[in-house]
1. Looking at (1) of a type outside the set (Ser, Thr, Tyr); (2) buried (at least 22 other Cβ atoms within 10 Å of the Cβ); (3) facing chain A (nearest Cβ under 8 Å), find the lone condition where C:ALA321 falls short.
2. Does B:ARG204 satisfy the condition of being crowded, with 19+ Cβ neighbours inside 10 Å, within 14 Å of another protein chain (Cβ to nearest Cβ) and among the charged types (D, E, K, R)?
3. Looking at the range C:231-252 only, could you name the residues that are within 15 Å of C:LYS308 (Cβ to Cβ) and surrounded by fewer than 20 Cβ atoms within 10 Å (Cβ to Cβ)?
4. For a quick check of your reading: which strands (runs of 3 or more DSSP E) sit entirely within the range C:15-104 and have at least 3 residues that are within 14 Å of chain A (Cβ to nearest Cβ)?
5. Looking only at residues in the range A:232-247 that are surrounded by fewer than 23 Cβ atoms within 10 Å (Cβ to Cβ) and over 26 Å from C:ARG272 (Cβ atoms), which one is farthest from the other protein chains (Cβ to nearest Cβ)?
6. Looking only at the range A:253-263, count every residue that is at the interface with chain C (Cβ under 8 Å from one of its Cβ atoms) and either of a type in the set (Ser, Thr, Tyr) or part of a loop (DSSP other than H, G, I, E, B) (or both) and tell me the total.
7. Could you please find all residues in the range B:104-153 being within 14 Å of another protein chain (Cβ to nearest Cβ), in a helix (DSSP H, G or I), under 21 Å from the mean Cα position of the chain (by Cα) and in contact (Cβ under 8 Å) with a residue 40 or more places away in the chain?
8. In the list C:PHE149, C:PHE108, which residue meets the criterion of being within 19 Å of C:PRO94 (Cβ to Cβ) and crowded, with 23+ Cβ neighbours inside 10 Å?
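The values are calculated or read from the model by the stated rules, or taken from the named source; none is laboratory data. Since this is a predicted model, take the numbers as computed values, not measurements. So basically every Cβ, Gly included, is an ideal-geometry build from the backbone, and we count neighbours across all protein chains shown.
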Amino acid sequence: MTDPFNPYLPEVATILETVQETHNIKTFRVRFDDEAKMAAFKFEPGQVGQLSAPGIGESTFVINSPPTRMDYLQFSVMRAGEVTTMLHGLNAGDKVGVRAPLGNCFPYEAMKGKNIVFVGGGIGMAPLRTLFLYMLDNRADYGDITLLYGARSPADMAFSAELPEWTSRADVNTTLTIDREADGWAHKVGLIPNVLLELAPKPENTVAVTCGPPIMIKFTLEALKKLGFEDDQIVTTLEKRMKCGIGICGRCNIGSSYVCVDGPVYTYAQLKALPNEL
Amino acid sequence: MSRLEELKTRIKEALPGLECVIGWQKGYDPLHNTPLFMRTDADVDKLEWGPLNVHNPAVYLPTFTGKKVGVVVKGCDSRSVVELLQENLINRDNVVIFGMPCTGVIDLSKVKARLAGAGVSAGTVTAVTDDGKTVSVTAGGQTTAMPLAEVRADKCGRCQFPNAVLADAYVGDPIAPAAPAAAADADLAALDAMSVPERMAFWRYHMERCIRCYACRNACPMCVCRDHCIAQSREPHWLTQDDTATEKLMFQVVHALHLAGRCTECGECQRACPMDIPVLALKKHLNRTIRDLFDYQAGVDPQAIPPLLQFKLEEDNIKERSW
Amino acid sequence: MAAVKYIASDKLPDWLKSLAAKSRVLVPVAEGGGVVFRPYAPGCRPVFDSDATAPPKGAVFPACQELFRYEQGKDPEDPGKPTLKLIASTEAEPTVVFGAKPCGARGFLIFDRVYIGKKFPDPYYIAAREATVFVTMACAAANVENTCFCHWVGSGPADGSGSDVLLTPVAGGYTAEAVTDKGAALLEDPALADGAAKADEAAAVKAAAREVLGEAPDIAASPAALLAAFDDADFWRDQSDKCVSCGACTYLCPTCYCFTITDEPKGMSGRRMRSWDACMHFQFTLEASGHNPRPTKAHRLKNRVGHKFSYYPTLHDGLVACCGCGRCIKSCPVSVDIREIVQNAVARAKG
C-alpha cells in the first residue's frame, strides 16, 4: 500500500549554491534529491514554498526562480527571526526540506498582451523576480515591460549579478534607484514612489505588480492611483506568519481569506474587499 | 445609603477623569460574577459587591500603560496593586483605588462539589443569595445552604488584610482580620507530609491533566511577561511543545520561581485553571521560604523593595557569615 | 432506519469490555474535580450525567502529535556529504469515544471540512478520524446547563451528526440508535437487546431536553454583522476588556482546530511536531519582523468570534464553527460569554 500524499512531509533537497546578496539577504539554489520528483515538479510564478532546516523549523518564501528555468529552485531569505537566522548558516551541500508549491500565483495568463510595470523594493524584488524572468522567457506574450527596483543603498540591492543584464536588455525598461546618493552609483537616486511618478507609466492596458516593505507599498499604491491605475490593475503579494501552508492551522487568515492558499498574490481591489487586518 | 451605593457614588464622581474603573458585575448565571469595566454612570450602576467577586481586577492594570484607571479592590486584590506599584509596573499617579471591607469570596470549585454532593449540577443554578454567613444556591429546583466559612476560598481563611492595604477611596469601616483558619494551609501541610517520590507523583498526576492553556499565567496579576513567555518562545528554547508532565511542570516551576517573594497568594492561578490543578501550592511554598529568610510579605508596603529585586551586602535575617 | 436497541445499565460494563478488547475505548471519568476522557479499564466508572470538562477532541486531534522524525547523518561513501532522512507515520489507533455529549462529537464536523479538504487532505487527521467511532450520549433535561446553546448553532441535545451511535438515557439503561454503518456494527453485541419498547421513552427524553433549552435567538445575521463591526475598535474593546488572553476557551473547544508546528531536535535527529495553538495568544500571529497583525486581545478575540460565526460559515455553506457546548463560557476564568458577543454584534448591525 502506498502512503497517501502527506502535505506536511517536505522533499529532501540539497543546496547547490548560495549567494550572499546583501548583509541580510542570502539566496539558496536547491534541487530535490529525488530526481524523478524534481523532473515532475511544476509550479507557477508567485507560488511559495516552505523551506526548512531540520531541527529549526520552516519558513515561507516565494520560489523566486521562474518555472521556465528548472535547474534549481531559488529562495532568497532575509534574516529576521529564528528560522531565517539558522537558514543563513547553511551552505552548498547542506540538506533542507522543501514543501512546494503552495499558494496562488500571479495572474500571468490574464496579463498576456498587456504592458507590465514591476515596482520592487528591497527583498520585495524576490517575488517579482520569478514573474519578471518568466515574462522575459516568454517575451513575445507580453507588451512593454518596465522594472523599477529600489533599495536603501547599493549594498542593499539583491540580485546584483543580474542587474547589468536587466538594465542593458533592449526589451525591458529597467530603472534602479537608491534612497540616498552613494559613491559610484550610476543610477537613479530617490524614493521608489517618487521615481515611479517621474517614470509615469501609462495605465492603459497595463498591470502594475508591486512588492516591498509596507511603507513603500503604501506610497507606491498612492503613486499608482495618481497615475490613473485602477484597483484591479495593481497586483501585490502579502506576507503573514504561516505554519501549515495549506489553509488549516489558522493564523494567516484575513477574515475568510487564507493568505497561504488564497494568496499570497492579491489585486489591490481584492485587498480592499478584505477586512482591514494587515 | 448602602455601602455599595456609596461606593458607586464615589466612582461616578471620579469617572470623568478616568479611562475606566474596573470592578465586577453579574455574569451569565446567578453563580458567576464577571469583571466590569465602567466607563459610564450606567455601567457603574451594574457594580456588584459580595462573595461572588472572585476575580482579581489588578491583573488588568498593567495593560493600561499611560492611562489613568480606577480599580475596585478586595483586600487581597489591593496587595497585587501594591506589589505592581512596588515593582514600578504601574504608576501610582495613574491608578485610583476604591476599597470596601471584604468578608470573603466563594471558591466555585467547592460550591460545585457541594452541589454535586446534593445531586445537582452547578451548571443549572437559578438563584444565589447570601446573608454574610451563608450562601444559598438554588439549582435543579432545590436550594442548598452552604456556610460561607465552608465554601469560601482558601485564601480567605488565612486573610490578614480584609481591608484594602492602600486605597484612595475607602467606603465602610475597616474590619479586623480573623484568626487564620486551622486548615488555611492544608495544601502545604499535605505536600510537606509527602516523601519526595510521592510529591513527584503528585505533580506528575496533576501535570498530566494540564491542557497548557496558560490561564494560570494570564490570570496572574504579577505575571507580566506573558506575551513573551519562555513556555512558547523558541529563543531561548527551554521548553518543547511536547504534551508531557515534565515540560508542563518545567513551566510551572519557572512561573513559581519568578513569583517568589512577589506573589501575594491571590490564588488566581489556581482559580483560573479549568482543570482545577492546585498550582498555588508551588507559589505558597516559595513564599514561605521568602518569609522565613527575609521576613517579607509581598504587596503590603508600597515603599518596600521585594527581597529578590534588590541586592543587599548583608541580609537582616540571613547570617551567612556564621555558616 | 435501523431498529432501536437497548442496553441495561448493568450490562454496560460488558459492552465496554467487549469494545475495549478490540480498540482503545475513551470514556468520561471524574478526575480532579472535573470530567475528562480516559481509556476504559474494567472497574472504571464513566460519568454520563454531566458534560466533560474537556471534550474528546484529543481522541482524533492530539494536543501534540509527531508529523515526522528526521535523522541527519553523513554519507558513508563521502563523509563530507550530509544526509537527511525523514520518517513519517500517519497510523492511528482504533478508538471508540464512548459517552461524549452530542456537542463533543459534532465538533469534528467542523474539523472535517478543513482537514478533509480537496486540495490538501490531512493524512494524520483522516487516519485518526477513520479509526475513531463515536458512541454519543444524548442529553437529558437535567444535563442541560446554563452555558448550553447547541440549539443556536443548528444542533440540539440529541444531535447525532458527527456520531456513529446515539445513546439516550431511559429508565434502567439506555436506548442505542445507529447513526452510521460503523455505529450499526458496534450494536451487534450480545449486551444489547431490542429496544423498540423503549423508543417512545427515549423520544420523550430527547424532547424534554430540547424543551429546557427554549427558543434560540436568530443569529443568522452574524456573519455580516461581525464583518460590519470589524473596524469598530470601541466595540471590540468593550467585548474583550475582561479577556485575559489565555487559551482555556480554545483548548477546551470541540471545534477549535488551530495548531502550531515546531521542530524538537535531539542531537542529529529530532521530530517535527504539531501541537494545539490558540489564536488568543500574542505569539500566534507574531511575525519574524516583530510586526503582529493581531497585537491586542481585542484583535484576537475578534478573530476567534469572527472565525466561528462569520469567516467559517462564509466558507462552509453557513455552518457555524461552534457546537454550542458552552465550555468557553463555563471554563473561562473571567466568564467571557461568546453568546453575548455574537448577540451584541447582531444588535449593533441592526443599529
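1. All conditions pass for C:ALA321, except number (3).
2. On the way: crowded, with 19+ Cβ neighbours inside 10 Å: no; within 14 Å of another protein chain (Cβ to nearest Cβ): yes; among the charged types (D, E, K, R): yes.
No: the conditions fail for B:ARG204.
3. none
4. Details: elements: C:24-31, C:34-39, C:64-74, C:82-87, C:95-100.
Correct list: C:64-74, C:82-87.
5. A:GLN233
6. The total comes to 3.
7. Scanning the range B:104-153 gives B:LEU108, B:SER109, B:LYS110, B:VAL111, B:VAL151.
8. Working: C:PHE149 fails: within 19 Å of C:PRO94 (Cβ to Cβ).
Matching residue, one of C:PHE149, C:PHE108: C:PHE108.
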